[in-house]
Amino acid sequence: MVHVRFPARILCDDSFIKWILCHPKKAMIMSRLMRIKSSSKEQKGEHNVILDFDFKTVKALTKEHYLKASVKKVSLYEIPTDIYELIKNKDKFTRRIIYSIVALCSEPPHVVYIFTAPSNKEKYIEVPYHKEMDTSIIIKEGEDAIDVVWKFNSQFVYKRETSLRTC
Amino acid sequence: MTELSPVIEIELAEDVKGLIKYNDDVKIEEALKEKIENFDNDDLLKVTKKIGSFEILDVKKVTEELLAEEL
């Protein structure tokens, strides 16, 4: 069984999922996301996540078992109550960034890519907290996010090939 | 009485093999068990189970071709 230390966790927003479900390479992208999620050494089964309010808006768009295999549904309730109370009525971009900072950056690999649809990056960059954390929270939109998926998948393929050679 | 739809989950072959090996409650036909044993541990499998039980009804390897048909 191949386990890979990926350099960053992945948080997908609903616009990203909607965008890839219309992408000509959607089967390949979903397959790679499933692979990353299942082979993560540090966060097996939880490497790629989606917040519950985003999951709700996309779950009817495709077969739920494939969606759950690509991204794990997580909740803002996982963060400390005092922080939750501060952000619960904020916009979705702020909530995603705060969740990434509090729940994801605190665990290895301590860096998070937020995947979003093309042209959405600016909305995240406008969030005040993002400026404080711009080396730990990296926004990737559209094809830039897909490039990350391909890179992570290459890591898996390389690891698998080298492990087969040593057998 | 209408039968409930089966449950479908995507799981690593390694985990499915472990479930069959260590859980005596799992019900599975011998031919299907052998099919699972022949998958690589890293393969992702589409596992169809009877709802509310440990009975495995069907297993397919998740491939891009399968995803292209089903997404």
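The values are calculated or read from the model by the stated rules, or taken from the named source; none is laboratory data. Small disclaimer: the values here were computed from a predicted structure and weren't measured. We place every Cβ from the backbone using ideal geometry, glycine too, and count neighbours over all the protein chains shown.
Criterion first (in a helix (DSSP H, G or I) and within 12 Å of the chain's Cα centre (by Cα)) does A:Ile20 satisfy it?
Criteria not met by A:Ile20.
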Taking segment B:14-30 as the search range and keeping residues that are without any contact (Cβ under 8 Å) to a residue 24 or more places away in the chain and more than 29 Å from A:Leu33 (Cβ to Cβ), which one is farthest from the chain's Cα centre (by Cα)?
B:Asp24
Taking the condition surrounded by 19 or more Cβ atoms within 10 Å (Cβ to Cβ), of a type outside the set (A, V, I, L, M, F, W, C) and within 14 Å of another protein chain (Cβ to nearest Cβ), does A:Ser15 pass?
no
Being buried (at least 20 other Cβ atoms within 10 Å of the Cβ), more than 13 Å from A:Ile10 (Cβ to Cβ) and touching a Phe, Trp or Tyr at 6+ places or on another chain (Cβ under 8 Å) is the filter here, so list the residues in segment A:40-73 that pass it.
A:Leu67
Return the only residue of B:Glu65, B:Glu69, B:Glu11, B:Glu34 being outside any loop (DSSP other than H, G, I, E, B) and touching a residue at least 12 places away in the same chain (Cβ under 8 Å).
B:Glu11
Working carefully through the options A:Val157, A:Val102, A:Val149, find the one that is modelled with pLDDT of 95 or more and either of a type in the set (A, V, I, L, M, F, W, C) or touching a strand residue (DSSP E or B) at 6+ places or on another chain (Cβ under 6 Å) (or both).
A:Val149
Mind listing whichever residues of segment A:58-113 are within 13 Å of chain B (Cβ to nearest Cβ) and under 22 Å from B:Glu11 (Cβ atoms)?
A:Val58, A:Thr62, A:Lys63, A:Glu64, A:His65, A:Tyr66, A:Leu67, A:Lys68, A:Ala69, A:Ser70, A:Val71, A:Lys72
A:Val127 is checked against (1) β-branched (Val, Ile, Thr); (2) crowded, with 19+ Cβ neighbours inside 10 Å; (3) under 14 Å from the mean Cα position of the chain (by Cα) and fails just one. What number does that condition carry?
(3)
When residues of segment B:26-71 are filtered for being of a type in the set (Val, Ile, Thr) and within 14 Å of chain A (Cβ to nearest Cβ), how many remain?
6
